[in-house]
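To keep things clear, I will list the structure first and then write my remarks on it.
The values are calculated or read from the model by the stated rules, or taken from the named source; none is laboratory data. No experiment lies behind these values; they were computed from the predicted model shown. All Cβ positions, even for glycine, are placed from backbone atoms using ideal geometry, and neighbour counts span all protein chains on display.
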Protein chains: 2
Amino acid sequence: MSVSLYALVLAGGSGTRLWPLSRRESPKQFLGLCGEQTMFEETFRRLARRTPPERMLFISSRELEGDVRDQLRRSLGDQSHVCRVVSEPLGRNTAPAILLGAWIVNSVDPEGILLSAPSDHLILEEEVFLNGVDCSLPAAMDKIITFGITPTRPETGYGYIKVGEKKGPVFDVARFEEKPDLEKARFFLEDKRYLWNSGIFLFGVKNLLEEARRLVPDIMSLIETVDPGTLDGLDRAYARMRSLSFDYGIMEKTTKAAVMPLSMGWSDVGSWDSFYEMREKDSGKNVVVGDVVNIDNEGCLLMSNGPLAAVTGMKDTIVIQSEDAVLVCPRGQSQDVRKIVDTLEREERPERLVHPTVRRPWGAYTVLIQKGRYKVKKFVVEPGQRMSLQKHQKRSEHWVVVKGEILVTLGEQQRILEANEGITIPIGTVHRIENRGVDPAEIVEIQLGDYLGEDDIIRLEDNYGRTTG
Amino acid sequence: MSVSLYALVLAGGSGTRLWPLSRRESPKQFLGLCGEQTMFEETFRRLARRTPPERMLFISSRELEGDVRDQLRRSLGDQSHVCRVVSEPLGRNTAPAILLGAWIVNSVDPEGILLSAPSDHLILEEEVFLNGVDCSLPAAMDKIITFGITPTRPETGYGYIKVGEKKGPVFDVARFEEKPDLEKARFFLEDKRYLWNSGIFLFGVKNLLEEARRLVPDIMSLIETVDPGTLDGLDRAYARMRSLSFDYGIMEKTTKAAVMPLSMGWSDVGSWDSFYEMREKDSGKNVVVGDVVNIDNEGCLLMSNGPLAAVTGMKDTIVIQSEDAVLVCPRGQSQDVRKIVDTLEREERPERLVHPTVRRPWGAYTVLIQKGRYKVKKFVVEPGQRMSLQKHQKRSEHWVVVKGEILVTLGEQQRILEANEGITIPIGTVHRIENRGVDPAEIVEIQLGDYLGEDDIIRLEDNYGRTTG
């Protein structure tokens with residue numbers, strides 16, 4: 001008997017624990033923390049080594065769906081449509097998301113095995129992970145397998161799994177443990193029978209759904225009202241859905257739980273401290289990423305994807321410089337970034353909770369300056385992409401192409417603009433930019449008007465199905 | 001007998017000890033560290049309370065002359081030409097500069113009293129300072145008076161003066177002391193007869209020049225070859241001039257030295273540490289300036305004139321965020337900024353040693369982005385000012401007026417551009433911007449070309465006597 005492996009990628013998480021790099025609208029799965037690729041892209045690429053894209057399913061939120069499709073387009077180009085992307089109308093934690101994924105896979109292949117993984121975790125030792133998946137597969141039809149990570153430090157930020165007896169390739173779960181205090185975490189590390197709970201699961205969909213009908217019948221009965229092909233009924237079902245984690249709702253209650261222990265260099269990158277733990281250190285135990293001058297520091301995390309960060313004489317300190325804000329705090333206290341984000345919320349400074357560089361399905365834009373009645377932006381329009389046919393009611397725009405060439409629609413006219421050519425878009429005039437070339441095109445835009453909010457946009461036609469925002 | 005008081009302002013200092021706010025081309029006298037006004041402007045305003053502008057003389061360098069004139073224009077407007085600005089061809093420390101100033105004043109009023117002051121020091125208690133000047137005046141014809149500051153901490157960064165007997169309104173100088181070690185500095189603070197050497201001097205010009213002829217005859221004989229009206233001979237004299245400080249060359253050797261002790265909240269702002277010492281602290285002993293989120297910090301200097309600085313849980317730390325770089329170092333070690341500047345020099349990253357916002361006689365510009373073949377700048381042209389008539393050989397420019405209106409010369413044509421209007425300047429076309437309005441005009445400029453250096457500029461005519469740069 002041959003089974004098919006499917007992948008479910010959870011990509012709806014949003015958060016600001018890695019502020020100022022992660023923002024409300026730019027959660028950490030879409031950050032390139034360790035290089036060119038985002039954690040989402042890394043996750044996709046890793047899973048694609050075992051599952052073809054047409055057997056991948058992505059569950060995200062309405063707000064982030066555009067980002068997910070954009071990320072897939074970056075990996076797959078024109079083929080990205082073969083991946084199924086489902087957007088939850090509301091976040092209801094992992095149990096409804098994973099069960100919805102299983103429900104959809106079940107509708108096409110009840111014998112399928114599903115590997116469910118968050119899109120915002122790092123796995124340094126990919127071969128160990130893939131080998132762990134391969135070895136677990138024979139047990140996955142009957143068991144609900146969670147991947148447990150061998151602890152490398154007395155971490156108080158993760159849940160733990162106590163390993164029981166070996167049963168074939170996997171182990172029984174003796175017990176789930178909540179996040180421990182430091183003393184308990186030290187004991188777990190010493191004891192060796194405790195593993196970190198990674199949130200990566202492997203199961204046969206039919207088996208899981210049966211178990212779920214027994215353990216969380218209210219959730220399952222709502223899921224079963226959703227058409228797995230058209231998703232008709234999804235909004236109605238989610239409106240009545242309770243929020244529940246897969247660990248709490250399924251794993252801790254089922255008798256079918258099993259665990260596969262792995263040492264694969266895993267991190268949930270839940271804080272700057274855990275990012276520091278993961279990364280290779282220099283001789284001064286510093287982690288240094290990006291445009292940094294690092295002189296006589298020790299045990300520091302020094303990072304910039306914006307202006308230069310010049311740090312000297314510091315010990316155990318975190319410095320994260322982004323395009324429009326720097327964070328400085330002691331290492332070990334990076335959870336206090338929460339206090340900063342709360343302060344920004346309270347002081348109604350949402351501009352610091354959104355990135356100056358915003359990805360869009362057609363490319364990205366960066367706000368260079370906004371002052372009084374004008375705003376200057378730089379756009380990148382990816383090859384083959386076009387922005388929506390749109391108009392603005394309160395601003396005029398001046399564009400200068402600085403790289404590549406674009407096809408501009410302005411009212412009834414169309415014309416090609418090359419680098420070093422400009423055009424003016426008067427208030428109220430319908431316009432569109434399209435890049436028919438093979439290279440990205442870059443445009444500098446100067447907006448003038450009494451109101452310059454992103455919501456002053458009327459979309460008459462959009463390739464990406466957007467009507468607002 | 002009535003004497004006339006003249007003022008000599010030393011404004012040639014350049015330095016990077018307050019990097020990233022001070023840069024090679026933006027020394028600290030031109031920074032607004034404590035508000036809208038720069039230290040230069042504060043110095044001008046303070047001295048103007050005792051001396052009319054036509055009795056003020058500014059000594060600076062060729063590189064900074066434009067900044068000095070710009071600063072004077074900001075204070076005096078059209079009347080700024082009444083101040084005399086002298087540019088030394090080379091920096092030769094304070095003795096030649098002060099003696100040159102005395103030589104020039106002597107040529108118009110040998111009975112004049114000259115008050116010589118650096119332009120980059122802070123004086124919080126201005127009335128104390130001015131009263132000290134007033135009280136010293138009667139002694140200034142026969143003495144060379146230095147202003148001594150009552151120490152408020154065991155500072156190892158300043159030279160000290162040991163006070164001798166009281167002689168009229170001033171005191172004899174018992175001895176000059178080099179920068180002490182900490183133990184000695186503590187003793188000086190305890191002893192109460194020691195004062196900080198502020199570098200502010202008051203003297204009769206005739207008397208000083210006589211003394212200088214005796215003490216530094218080589219320097220005086222060179223100074224005396226310079227025509228004090230036309231400055232003919234200045235380059236030749238400076239080419240042969242040795243470098244010497246006024247303290248070492250004159251004050252420590254003359255029998256006419258006297259000191260006026262003052263407690264006037266003085267600082268040379270020679271480092272971020274001394275800036276911290278000067279400023280008022282919050283309840284956590286923090287000094288906070290600009291766009292900063294400050295949560296649970298203690299004893300920190302937190303400052304931004306650029307992107308947001310969000311700092312939490314730090315102790316005794318300096319965080320200085322500028323438009324294009326952040327400095328983080330422990331308080332008490334701010335002299336280590338030198339190591340960072342050296343590293344930037346060595347790594348040939350001069351862009352971090354020049355500010356993105358550059359003042360020009362006609363206003364200022366800010367580089368918003370520079371990437372590959374394009375650069376985006378924002379200009380402010382002050383009312384009544386105009387840029388030089390110029391052309392570029394390697395770049396075209398696109399302008400959009402975003403505020404105010406300008407008169408544009410383009411080849412043989414002239415036209416008024418209002419906000420929301422744009423124009424293109426092809427490569428090689430002569431052009432000029434003039435602001436004939438009463439409000440500052442703002443322009444966004446997009447440059448495109450193979451070479452975008454500031455030195456690609458041919459000036460055909462310039463209001464400010466510039467031919468390059």
**Request:** Starting from the stretch A:408-424, keep only residues that are in the same structural domain as residue A:398 (by TED's automatic domain parsing), then list their pairs with residues that are assigned to a strand (DSSP E or B) and loosely packed, with under 13 Cβ neighbours inside 10 Å whose Cβ atoms are within a distance under 6 Å, requiring at least 6 positions of separation or different chains.
**Result:** A:408/A:415
**Message:** The conditions are (1) buried (at least 17 other Cβ atoms within 10 Å of the Cβ); (2) assigned to a strand (DSSP E or B); (3) in contact (Cβ under 8 Å) with a residue 12 or more places away in the chain, and residue B:340 fails exactly one of them. Which is it?
**Reply:** (2)
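Here is a yes/no grid of residues against (1) within 14 Å of chain A (Cβ to nearest Cβ); (2) not hydroxyl-bearing (Ser, Thr, Tyr):
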site	(1), (2)
B:252	no, yes
B:255	no, no
B:259	no, yes
B:263	no, no
B:270	no, yes
B:275	no, yes
B:281	no, yes
B:297	yes, yes
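Would you check if residue B:441 is without any contact (Cβ under 8 Å) to a residue 60 or more places away in the chain and either within 14 Å of chain A (Cβ to nearest Cβ) or surrounded by fewer than 16 Cβ atoms within 10 Å (Cβ to Cβ) (or both)? Steps first, please.
Values: without any contact (Cβ under 8 Å) to a residue 60 or more places away in the chain: no; either within 14 Å of chain A (Cβ to nearest Cβ) or surrounded by fewer than 16 Cβ atoms within 10 Å (Cβ to Cβ) (or both): yes.
No, not satisfied.
Please work out if residue A:333 is over 30 Å from residue A:130 (Cβ atoms), at the interface with chain B (Cβ under 10 Å from one of its Cβ atoms), within 21 Å of the chain's Cα centre (by Cα) and not hydroxyl-bearing (Ser, Thr, Tyr).
no
Per-residue answers, yes or no, for (1) modelled with pLDDT of 95 or more; (2) not assigned by TED's automatic domain parsing to the domain that holds residue B:30:
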site	(1), (2)
B:241	yes, no
B:256	yes, no
B:261	yes, no
B:278	no, yes
B:283	yes, yes
B:290	no, yes
**Request:** Test each condition in (1) within 14 Å of chain B (Cβ to nearest Cβ); (2) more than 23 Å from the chain's Cα centre (by Cα); (3) within 27 Å of residue A:14 (Cα to Cα) for residue A:240 and report the one that comes out false.
**Result:** (1)
**Selected residue (only one of B:55, B:17, B:50 is of a type in the set (D, E, K, R) and touching a Phe, Trp or Tyr at 6+ places or on another chain (Cβ under 7 Å))** = B:55
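When you scan the stretch B:165-183, how many residues do you find that are without any contact (Cβ under 8 Å) to a residue 12 or more places away in the chain and closer than 22 Å to residue B:140 by Cβ? Walk me through how you get there before you give the answer.
Residues of the stretch B:165-183 without any contact (Cβ under 8 Å) to a residue 12 or more places away in the chain: B:165-166, B:183.
The next check asks that each one be closer than 22 Å to residue B:140 by Cβ; those that pass are B:165-166.
So the answer is 2.
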**Prompt:** Given A:169, A:151, which one is of a type outside the set (A, V, I, L, M, F, W, C), crowded, with 18+ Cβ neighbours inside 10 Å and touching a strand residue (DSSP E or B) at 6+ places or on another chain (Cβ under 9 Å)?
**Reply:** A:151
**Request:** Please go through the stretch B:414-427 and pick out each residue that is in contact with a Ser or Thr (Cβ under 9 Å, 6 or more places away or on another chain) and either loosely packed, with under 15 Cβ neighbours inside 10 Å or not in a loop (DSSP other than H, G, I, E, B) (or both).
**Result:** B:415, B:422, B:424, B:425, B:426
**Request:** For residue B:349, state whether it is within 9 Å of chain A (Cβ to nearest Cβ), more than 30 Å from residue B:438 (Cα to Cα) and either surrounded by fewer than 17 Cβ atoms within 10 Å (Cβ to Cβ) or basic (Lys, Arg) (or both).
**Result:** yes
**Message:** On the basis of being surrounded by fewer than 18 Cβ atoms within 10 Å (Cβ to Cβ), out of contact with any helix residue (DSSP H, G or I) (no Cβ under 7 Å at 6 or more places or on another chain) and assigned to a loop (DSSP other than H, G, I, E, B), does residue A:281 make the cut?
**Reply:** yes
**Item:** Pick from the stretch A:143-171, criterion basic (Lys, Arg) and part of a loop (DSSP other than H, G, I, E, B), ranking: farthest from residue A:191 (Cα to Cα)
**Value:** A:143
**Message:** So, residue A:429, is that one hydroxyl-bearing (Ser, Thr, Tyr), within 10 Å of chain B (Cβ to nearest Cβ) and over 23 Å from residue B:356 (Cβ atoms) or not?
**Reply:** no
**Message:** When you check residue B:448 against the structure, is it assigned to a strand (DSSP E or B) and either within 13 Å of another protein chain (Cβ to nearest Cβ) or touching a helix residue (DSSP H, G or I) at 6+ places or on another chain (Cβ under 8 Å) (or both), yes or no?
**Reply:** yes
**Prompt:** Which of the residues belonging to the stretch B:318-330 are more than 7 Å from chain A (Cβ to nearest Cβ) and closer than 26 Å to residue B:156 by Cα?
**Reply:** B:318, B:320
**Asked** Looking at A:207, A:305, A:197, which one is of a type outside the set (A, V, I, L, M, F, W, C), within 22 Å of the chain's Cα centre (by Cα) and more than 14 Å from every other protein chain (Cβ to nearest Cβ)?
**Response** A:197
**Complete:** From the option list A:8, A:18, single residue qualifying as in contact with a helix residue (DSSP H, G or I) (Cβ under 6 Å, 6 or more places away or on another chain), assigned to a loop (DSSP other than H, G, I, E, B), at pLDDT 90 or above and buried (at least 18 other Cβ atoms within 10 Å of the Cβ) is A:18
**Residue count for the stretch B:451-465, restricted to those that are more than 14 Å from chain A (Cβ to nearest Cβ), assigned to a loop (DSSP other than H, G, I, E, B) and out of contact with any helix residue (DSSP H, G or I) (no Cβ under 7 Å at 6 or more places or on another chain)** = 9
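When the stretch A:310-328 is examined, which residues are found to be assigned to a strand (DSSP E or B) and either within 26 Å of the chain's Cα centre (by Cα) or surrounded by fewer than 21 Cβ atoms within 10 Å (Cβ to Cβ) (or both)? Outline the logic, then answer.
Going residue by residue through the stretch A:310-328, those that are assigned to a strand (DSSP E or B) are A:310-312, A:315, A:317-321, A:325-328.
Once the filter is applied, which keeps residues that are assigned to a strand (DSSP E or B) and either within 26 Å of the chain's Cα centre (by Cα) or surrounded by fewer than 21 Cβ atoms within 10 Å (Cβ to Cβ) (or both), the stretch A:310-328 yields A:315, A:318, A:319, A:320, A:321, A:325, A:326, A:327, A:328.
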**Check on residue A:181, out of contact with any helix residue (DSSP H, G or I) (no Cβ under 6 Å at 6 or more places or on another chain), farther than 17 Å from residue A:270 by Cβ and surrounded by 15 or more Cβ atoms within 10 Å (Cβ to Cβ)** = no
**Request:** Give the residue that is surrounded by the most Cβ atoms within 10 Å (Cβ to Cβ), with candidates limited to residues of the stretch B:184-223 that are touching a helix residue (DSSP H, G or I) at 6+ places or on another chain (Cβ under 9 Å) and polar (S, T, N, Q).
**Result:** B:197
**Message:** Considering only residues that are in contact (Cβ under 8 Å) with a residue 40 or more places away in the chain, assigned to a loop (DSSP other than H, G, I, E, B), closer than 17 Å to residue A:209 by Cβ and β-branched (Val, Ile, Thr), which ones fall in the stretch A:228-269?
**Reply:** A:254
**Request:** State whether one or more residues within the stretch B:396-409 are at pLDDT below 95 and loosely packed, with under 15 Cβ neighbours inside 10 Å.
**Result:** no
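Among the residues of the stretch A:369-420, how many are at positive phi and within 10 Å of chain B (Cβ to nearest Cβ)?
Let us first name the residues in the stretch A:369-420 that are at positive phi, namely A:372, A:384, A:404, A:411, A:420.
Imposing the further condition that a residue be within 10 Å of chain B (Cβ to nearest Cβ) reduces the set to A:372, A:420.
Count: 2.
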